[in-house]
1. Scan region 99-123 for residues that are under 23 Å from residue 181 (Cβ atoms), touching an Asp or Glu at 6+ places or on another chain (Cβ under 9 Å) and among the polar types (S, T, N, Q) and jot them down.
2. Which residue is modelled with the lowest pLDDT, if the candidates are limited to region 114-153 and must be hydrophobic (A, V, I, L, M, F, W, C) and in a strand (DSSP E or B)?
3. Before we move on, is residue 199 modelled with pLDDT under 95 and either out of contact with any Leu (no Cβ under 8 Å at 6 or more places or on another chain) or surrounded by fewer than 19 Cβ atoms within 10 Å (Cβ to Cβ) (or both)?
4. Among the residues that make up region 157-178, is at least one of them out of contact with any Ser or Thr (no Cβ under 7 Å at 6 or more places or on another chain), closer than 22 Å to residue 79 by Cβ and acidic (Asp, Glu)?
5. For region 1-31: of the residues being outside any loop (DSSP other than H, G, I, E, B) and exposed (fewer than 13 other Cβ atoms within 10 Å of the Cβ), which is modelled with the lowest pLDDT?
6. Do we have any residue at all in region 101-120 that's of a type in the set (A, V, I, L, M), surrounded by fewer than 19 Cβ atoms within 10 Å (Cβ to Cβ) and touching a Pro at 6+ places or on another chain (Cβ under 8 Å)?
7. Could you say which residue among 99, 80 is over 19 Å from residue 159 (Cβ atoms) and within 15 Å of the chain's Cα centre (by Cα)?
Amino acid sequence: MTGDHDRQQDSWSHLGPMANRGGAGYPDLLTQVRRLQDAVVGASAPNETIVAVARHLSEIASELEQYEVPEAQAPVGTRTDLPGRGHPFLVPHVVDSWTDSRVEAHVTFTRFYLGGNGAAHGGALPLLFDEVLGRLSSGGGRKVARTAYLHVNYRHITPIGRRLELEATFDREEGRKRYISARLRDGDVVVADADGLFVELRPGQP
């Protein structure tokens with residue numbers, strides 16, 4: 001289930017070259033963070049192991065905290081060559097094709113995203129949809145927009161550990177308003193779909 005963590009065929013490369021941010025070791029760091037997330041969720045280790053791991057993680061966190069920088073200087077979320085833009089919070093989807101009006105991607109929800117009974121947590125789906133739809137809304141040379149609403153329909157159980165296909169389309173634009181939709185499929189079955197409204201920011205808006 002870690003294959004999508006390690007590679008990216010194509011991504012939001014139209015946003016500019018950022019592949020060197022964080023250094024050559026950053027992709028592996030992200031892979032190991034995601035691996036840790038899955039391991040923590042799936043493990044039931046003895047207390048002595050938990051204590052030892054917590055100590056090691058505290059040491060690692062202390063080391064990284066020495067290099068804290070302002071938001072604009074951090075590589076996280078800017079590595080457009082990596083799944084989920086290189087952000088461990090985002091669902092690590094892999095973009096297969098991109099145009100100004102359409103995105104096709106695939107994603108495997110790993111153990112970290114488990115809600116229960118083999119299904120992905122319901123909150124993980126809006127996170128995925130908002131990321132992809134939001135990027136599409138601001139692509140193609142369009143000015144940055146923010147989410148006004150995101151409506152998600154849960155059609156079927158979204159399984160973990162299985163490759164799913166995602167399709168998003170830029171449906172129409174009315175002034176500053178952009179309407180975008182997406183569908184997440186498990187084979188021929190649509191497990192969830194979404195439609196969102198994204199509004200272009202006015203000058204000076206954060």
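The values are calculated or read from the model by the stated rules, or taken from the named source; none is laboratory data. Please read all numbers here as calculations on a predicted model, not as lab measurements. Backbone-built Cβ (ideal geometry, glycine too); neighbour counts: all protein chains shown.
1. Within region 99-123, 101, 108 meet the criteria.
2. Of all residues in region 114-153, those hydrophobic (A, V, I, L, M, F, W, C) come to 114, 119-120, 124-125, 127-129, 132-133, 136, 144-145, 148, 150, 152.
Applying the additional criterion that residues be in a strand (DSSP E or B) yields 114, 119-120, 145, 148, 150, 152.
Values: 114: 98, 119: 98, 120: 98, 145: 95, 148: 98, 150: 99, 152: 99.
Out of the qualifying residues, it is 145.
3. Numbers: modelled with pLDDT under 95: no; either out of contact with any Leu (no Cβ under 8 Å at 6 or more places or on another chain) or surrounded by fewer than 19 Cβ atoms within 10 Å (Cβ to Cβ) (or both): yes.
Against the criterion (modelled with pLDDT under 95 and either out of contact with any Leu (no Cβ under 8 Å at 6 or more places or on another chain) or surrounded by fewer than 19 Cβ atoms within 10 Å (Cβ to Cβ) (or both)), residue 199 does not qualify.
4. Within region 157-178 (the criterion being out of contact with any Ser or Thr (no Cβ under 7 Å at 6 or more places or on another chain), closer than 22 Å to residue 79 by Cβ and acidic (Asp, Glu)), the answer is no, since none of the residues qualifies.
5. The initial filter retains those residues of region 1-31 that are outside any loop (DSSP other than H, G, I, E, B), namely 3-6, 10, 13-15, 26-31.
From the residues that got through so far, the ones that are exposed (fewer than 13 other Cβ atoms within 10 Å of the Cβ) too are 3, 28.
On the way: 3: 40, 28: 96.
Ranking the candidates gives 3 first.
6. The answer is yes; a qualifying residue exists.
7. On the way: 99 fails: within 15 Å of the chain's Cα centre (by Cα).
Criteria check complete, one pass: 80.
Yes/no matrix, rows are residues, columns are (1) over 21 Å from residue 108 (Cβ atoms); (2) crowded, with 18+ Cβ neighbours inside 10 Å:
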site	(1), (2)
144	yes, no
147	yes, no
159	no, no
178	yes, yes
188	no, no
191	no, yes
203	yes, no
